[in-house]
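Bear in mind these aren't lab numbers, they're just calculated from the coordinates by the rules spelled out. Everything quoted here is computed from the prediction, not taken from an experiment. In this analysis, Cβ positions are derived from the backbone assuming ideal geometry, glycine residues included, and neighbour counts consider all displayed protein chains.
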Amino acid sequence: MNKADLIAQIKQKSSFLCVGLDTDLEKIPAHLLELEDPIFEFNKAIIDATAEFAVAYKPNIAFYEALGPKGWASLKKTLDYIPKEIFTIADAKRGDIGNTSKLYAKAFFEQMDFDSITVAPYMGRDSVEPFLEFEDKWVILLALTSNVGSQDFQLLTDKNETPLFKNVLRTSQNWGNEDNLMYVVGATRGEKIGEVRKEVPDHFFLVPGVGAQGGSLEEVAEYGMTKDCGLLVNSSRGIIYASNGKDFAEKAQKAARSLQKEMAALIEKYMG
Ligand SMILES: O=C(O)c1cc(=O)[nH]c(=O)n1[C@@H]1O[C@H](COP(=O)(O)O)[C@@H](O)[C@H]1O
């Protein structure tokens, strides 16, 4: 998917919501476990219930890989079920020497036809570039993550007092451009999101961390929104596990609708 189509969808739905499909057999409603493919059945019901409010879906690959070949089959069925106009993110956090990254790219862009993949920047330019060679496909590079451990390296400063995450942004923005490169910025990072925005004024951000991790949507918009929105805000557990009863899809819909309503107001406030 290209940037213009993504922006058009955001405007049409008044939403920048990404629903995270972190589907866990231990957390889905018990009645689904009797079905042949409980993971797919759960995802299908969540997609049916939330597609009108979501502009992106992000299956976290770990939840599927953990189940072996069956998990990969559920993932493929899920991806094929997502409506074509909705942006898809393989949250796989890959990155290796170029020769290997090329094969990761084929796995997620050719075998699976995802629109984008999350990539770790640690191994540098040649580990990221193979993912950027596919037309209308995107790299979403980790910049400033939402977890506590992001302090261990990402916030460490060099001799010029520049934190590592800024060096990642400064160096990597020339590897791609605003049409094929986004950045992961955690919603839990408050005004630091504004510092990231200063470094990369026009790139889209994938912002996980609202909902279960407690990040503020209002702050994300205040510090991160651009004239084109520039944000995809993810919530996984806060939506998909809003209930673990028979009403799980209905409650997920309610949670997605409520986030979308807040997003519509923020779009009006900052883009309108
Ligand atoms: O790349 C990610 O999506 C990601 C980066 C980050 O900094 N923090 C983060 O939580 N994530 C992912 O975003 C999702 C957050 O899930 P919830 O906390 O349940 O909304 C998980 O799939 C995480 O792996």
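What is the dipole size for the stretch 196-266, taken about its Cα centre, with +1 at each Lys and Arg Cβ and -1 at each Asp and Glu Cβ, in debye to the nearest 20?
280 debye
Which entries in the list Lys76/Lys102; Lys84/Lys192; Lys166/Lys261; Lys3/Lys58; Lys102/Lys137; Lys58/Lys198 go over 23 Å, if you measure between the two C-alpha atoms of each?
Lys84/Lys192; Lys166/Lys261; Lys58/Lys198
Comparing Asp91, Asp136, Asp179, which has the greatest mean-square fluctuation in the GNM of the chain with Cα pairs linked when under 10 Å apart?
Of Asp91, Asp136, Asp179, the Gaussian network model singles out Asp136 as fluctuating most.
With the crude spin-label approximation of a point 7 Å out along Cα→Cβ, what separation in nm comes out for Asn99 versus Val148?
Distance between label points: 4.0 nm.
With a cut-off of at most 13 other beta carbons within 10 Å, and DSSP calling the residue loop, which GluC sites (Glu not before Pro) in the stretch 138-204 qualify? Please list them.
Glu161, Glu191
Specify which residue in the list Gln9, Ser258, Leu141 is farthest towards the positive end of the charge dipole of the chain, using unit charges on the beta carbon of Lys, Arg (+1) and Asp, Glu (-1), about the Cα centre.
Ser258
Pull up the cross-link candidates among the lysines for Lys27, meaning alpha carbon to alpha carbon under 17 Å and not fewer than 8 places away within one chain.
Lys44, Lys246, Lys251
Hey, can you grab everything whose amide H is under 5 Å from the amide H of Leu141? Only 5+ residues off in sequence or another chain; H modelled, so Pro and N-termini drop out.
Val119, Met182, Tyr183, Val184
Using C-alpha positions alone, give me the convex hull volume of the stretch 127-272 per residue in cubic angstrom.
130 Å³
Counting DSSP beta bridges in the stretch 3-271, what percent are antiparallel, to the nearest 5?
5 percent
Given +1 on the Cβ of Lys and Arg, -1 on the Cβ of Asp and Glu, and no further charges, what dipole in debye does the stretch 3-271 carry about its Cα centre, rounded to the nearest 20?
Computed about the Cα centre, the dipole is about 300 debye.
Distance in nm between label sites at Asp228 and Ala4, each 7 Å beyond Cα in the beta-carbon direction?
Output for this residue pair reads 1.1 nm.
Specify the residue with the greatest mean-square fluctuation among Phe134, Phe53, Phe205, computed from a Gaussian network of the chain linking alpha-carbon atoms under 10 Å apart.
Among Phe134, Phe53, Phe205, the largest mean-square fluctuation in the Gaussian network model of the chain belongs to Phe134.
Grab the other residues whose beta carbon is less than 12 angstrom from that of Lys198, score K and R as +1, D and E as -1, and report the net.
0
Go ahead and set up a Gaussian network model of the chain, Cα springs under 10 Å, then flag whichever of Leu32, Leu156, Leu141 fluctuates most.
Judging by the Gaussian network model, the answer is Leu156.
Please work out the C-alpha center-to-center distance from the stretch 1-61 to the stretch 231-266 and express it in whole Å.
A separation of 10 Å, based on Cα centres.
Would you mind giving the three semi-axes, in whole Å and largest first, of the ellipsoid equivalent to the chain according to its Cα gyration tensor?
28, 22, 17
Once the piece of chain linking Lys44 and His31 is laid out straight, how much longer is it, given 0.36 nm per residue of separation minus the C-alpha distance between them?
Going from the current span to full extension adds 3.2 nm.
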